[in-house]
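First up is the structure itself, then whatever we jot down about it.
Read the figures in this text as sums done on the coordinates, not as results from a lab. Source: prediction; values computed, not measured. Neighbour counts are summed over all protein chains in view; Cβ atoms, including those assigned to glycine, are modelled from backbone coordinates with ideal geometry.
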Amino acid sequence: MSALEPTKLDRPRASRNWSAADSGAAKSVAAALRRADLGDRLRSLTLAAPLLVLLALSFGIPLVLLLSRAVYDPTIADALPQTSQALRGWNGTGLPDDAAFLALAADLRSNQAKGTAYELAKSLNARLPGARSQVLKTVRQLEAADRPPLEVMKAVPFWSAPGTWPVIESGTHSVTSFYLLSALDLRWNADGGIERVPPEQAIFVQVFMRTFLVAAAVTLATLVLGFPLAYLIASVPKGLAAILIVAVLLPFWTSILVRTAAWTVLLQKFGLVNDLLLWLGVADDRLDLMYSRIGLIIAMTHIQLPFTLLPIYSVMRTIQPSQMKAAYSLGAKPFTAFRRVYLPQVFPGVMAGCLLTFILCLGYYITPALIGGASDQLISNFIASYVNVELNWEMAAALSFILLVFTLALFGIFARILGLDRLKLV
Amino acid sequence: MLLSPYPTTGERIRITLLWLWCGMVILFLLVPILIPVPLSFNSGAFFIFPLEGISTRWYEVVLGTQRWQAAIGNSLIVAFGTTLIATILGTLTAIALSDEKFPGRRIVMPLLLSPLIVPVVITAVGSYLFYARVGLASTYAGIILAHTALASPFVVVTVGASLSGFDRNLMRAAAISGARPITSFFRVMLPLILPGVLSGAAFAFVTSFDEVVVAQFLASANQRTMPLEMFIGLREKLSPAITAAATLMMALSIVLLVVANVLARRGKQRPRID
């Protein structure tokens, strides 16, 4: 504000015409305002900067790094420099010439010397199941050096099998679509087109379908259970509504792990759910609910119910009961009034609740891991097992990539039709 | 409001059915979270009703054995660290965002919320990959950093809500009266938005204290948190000690979140200055 000089402003004006000095003053006022404005902007940016930097470091970079692993895998290219060179002229069909075999033999030996042979074997194995043992076997035979390298290579049938060399060739390119395609059970065929992998190798489409199915079932169940309760809470007097809403919030505030633990207790063969089913006469014998799809869906429904219910309730609360009365007095039957007056107004809330539950279900990990059986593991569990068990980061990254695309696309729809403000639950 | 003044039989039946259905749904909501409570006081080693007798032996296991004590200690270290960082940085960011002049608010807000949107396994695996390279895997700092990313959106949202009822003219008045920005923050703004800040802190604490997936990937045996110990216990064998741990965790989160919500509600009301 130092540019503002009071003397200029205080000077009485002789006429309504702007003098040169006035216009100069106006300009300097505008400049001062702009400067002050810029200062404010910078200050607010400085206040937000620490968290933004921290989020970039603790969340942004890890995410980008992981996703880049899905398309960038230099392990094979780095391990096989001579082979990469030798394969440059290969047309991709049949077997490459002997020079490529020799180059590969040389690369394998240098990897053994550097101690990276196992790394290479593992990486090849990720793309070509069974390659690990073949690579290690060949390396040992090359090491023995009792025969010329070419003879050793030709003696191992694996290196002359039709599928081997195209995989090695694709591995020599660091940027690869191999893992992303694999995550959708697709691969490049010999003609350069994309085809489905043989059914016995296909797993992921089925897992994605399973994830969507479980998410849809849970969403539907939460809606069927939650909609009437939301309606009841929105209709009863305030005091009673407060008590009922606590019944929804108590489970909502309990962690997913604790609730999953509670369900593992309830779903045991001699647990309370089986007791209840026997007592009701629904089941003749005790059912295996643990490690089953139905047990998983029950537990997930319990966890997600408040997420579906609360957005619906927040919309229902705003609807005037007099509207329904008006509909009745105009002769509408209860069902008609509900369908044509009430439902259209609560629809945004229903959409918000259902979309939220569906999206959150796509990322479930804890509950399937503890309650689901081997055939009930969802996509997140596969991501975790590719990291923990198979040590195949590229595949985990590719599955994460696809899951993230689905999640963000659904959130995009959510934000587009409902606005991000509806995300607030508390 | 449910029944009209002169209800028909059909209406009575519908309302009765509605109440019955809702009663069942409420049982479905409440029974599972209440079940671990009596079981945790069971003197027997099984999960079967009727209980064999009342005892606190499983609480003695959770609060008395070295393994669980270490887990509780780790959870507290991580949760307090996360709460401290997330609350300070989240409050500053909320103040910055509440200023209309903040550049690119519409882009920054979704970015800040994105840790809540991205499936947590992806966050956990990515953190593991990156933190292992920079030496943060298997450290408290690593877990605290990752938890801060998950917890800070709650602070930004709750403090932001309490700031929407804050009159910025008060800050101008303080400045005119000669207060430096830092003084006017501590003497004018902070006391008025304190409920929102404390509420955000409680949310951050609970987020970190309940978190298990990121901890599973980032923690070594020395940093096992209480939820992680529970998760491992559930995978290995079901022990009633887990129901005791679950009851303790549930009690803590419910108490903290009740406080947080009461504070948040109070914070949203426009502070009155008479």
Task: Three-way shape label, region A:204-423, alpha-carbon gyration tensor, a/c 1.5 - done: oblate
TODO: Could you tell me, in Å, what Rg and Dmax come out for the Cα atoms of chain B?
DONE: 23.6, 73
Task: Ascending count of other beta-carbon atoms within 10 Å, so fewest first, for A:L66, B:L3, A:L277, A:L124 - done: B:L3, A:L277, A:L124, A:L66
Open item on the list: Given all pairs of different Cα atoms, what value in angstroms does the Kirkwood hydrodynamic radius of region A:75-176 take?
Closed with: 13.3 Å
TODO: Using the Kyte-Doolittle scale, find the helices of chain B whose mean hydropathy is at least 0.0 and whose Cα atoms extend 30 Å or more along the helix's long axis, counting only whole DSSP H runs.
DONE: B:9-34, B:66-98, B:140-163, B:240-268
TODO: Please give the helix A:204-235 orientation as an angle from the longest Cα principal axis of chain A, in degrees from 0 to 90, rounded to the nearest 10.
DONE: 20 degrees
Task: Sequence of B:R168, B:R105, A:R293 once ranked by neighbouring C-beta atoms within 10 Å, starting from the fewest - done: B:R168, B:R105, A:R293
- [ ] Give me A:S380, B:S152 ranked fewest to most by other Cβ atoms within 10 Å of their Cβ, as a rough exposure proxy.
- [x] A:S380, B:S152
Open item on the list: Nearest 500 deg cm²/dmol is fine: what mean residue ellipticity at 222 nm does chain B get from its DSSP H runs of n ≥ 4 alone, each adding -39,500 (n - 2.57), divided by its residue count?
Closed with: -24500 deg cm²/dmol
- [ ] Go ahead and set up a Gaussian network model of chain B, Cα springs under 10 Å, then flag whichever of B:M249, B:M171, B:M226 fluctuates most.
- [x] B:M171
Task: Kirkwood-Stokes translational diffusion coefficient of the protein assembly as shown, alpha-carbon pairs, 4 °C, 1.567 mPa s, µm²/s - done: 44 µm²/s
TODO: Using only Cα atoms, tell me the angle between helix A:343-362 and the longest principal axis of chain A; keep it within 0 to 90° and round to the nearest 10.
DONE: 30 degrees
Task: chain A: angle of helix A:117-127 to the longest principal axis, Cα-based, in degrees nearest 10 - done: 60 degrees
